[in-house]
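The structure appears below as structure tokens.
The values are calculated or read from the model by the stated rules, or taken from the named source; none is laboratory data. Worth saying up front: this structure is predicted, and the values here are computed from it rather than measured. Here the Cβ is made from the backbone with ideal geometry for all residues, glycine too, and neighbour counts use every protein chain on show.
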Amino acid sequence: MKALQFIFFIIIIISINACAYMRHNDGFHEDMLALPVEEHVDEVVSPGSLWTPSAKFVDMYRDSRAQRVGDIVVVQIVESSSAQKEAKTEADKKNSIDNTITDVLGLPLDQSSVFGYGITPTLNASTSTSFEGDGKTSRKGNISAVVSARVVRVLPSGNLMISGKKETRVNAEHQYIVISGIIRPDDIASNNTIVSSYIADMQLDYYGSGMIGDAQNKGFVARALDKIWPF
């Protein structure tokens, strides 16, 4: 009976763990992507004006770079990170004691007349401790891609809050690139592109789903056992 209860408990744990499992995209950029895009309202033109929104060549000298909500800006993602840390510690300590006891309570211990034979008690002791520790860690990452993002908000400072997502499907494999952050209009190049290194508070997520992604993850049974296994 107890064995059946234990098996039932394991099944419940596995079921809860399976339901709680989510893919890598767990709302990482929801705050950016959920922002509504404000509709652009045309300015009221005075009657008889020579310049109207529908006039020909009205945008001839207009700056084509993103500057308003809903505009598109091309983000060139060029990220390369490398970190290395090394630590080493050595410690060595030695102690030694060498003493000779010549008398106890005024009685000499090296005279045979006292105990019938001559003795010379000595005390010798030595200790030695040593410690050596060595640690090293390194990490590298590189990503290069191009993603079009839209302006979702214009901040009071004039900076632009952008958000973009790119999905690529190859056979049964899906790849996603999600990016969001804040940019300065002055950092946008004349061809309406900006390098990712100029994005403040950037959040970049690059992940995939499908057969390859599934092969990189443990099964829900293995994940459940890892959580409850005490050893």
(request) Please work out if Asp201 is at pLDDT 85 or above and in a helix (DSSP H, G or I). (result) no
(request) Within region 129-165, track down each residue that is among the polar types (S, T, N, Q) and modelled with pLDDT under 90. (result) Thr129, Ser130, Thr137, Ser138, Asn142, Ser144
(request) Give me a count of the residues in region 186-198 that are within 26 Å of the chain's Cα centre (by Cα), β-branched (Val, Ile, Thr) and either crowded, with 20+ Cβ neighbours inside 10 Å or outside any strand (DSSP E or B) (or both). (result) 1
(message) Suppose we keep only residues that are more than 24 Å from the chain's Cα centre (by Cα) and modelled with pLDDT of 90 or more within region 166-185. Which one would you say is surrounded by the most Cβ atoms within 10 Å (Cβ to Cβ)?
(response) Pro185
(request) Would you please list the contacts, defined by Cβ atoms under 9 Å and residues six or more apart or on different chains, that run from a residue in region 133-159 that is surrounded by 10 or more Cβ atoms within 10 Å (Cβ to Cβ) to a residue that is among the basic types (Lys, Arg) and not in a loop (DSSP other than H, G, I, E, B)? (result) Ala145/Lys166; Val146/Lys166; Val147/Lys165; Val147/Lys166; Ser148/Lys166; Ala149/Lys165
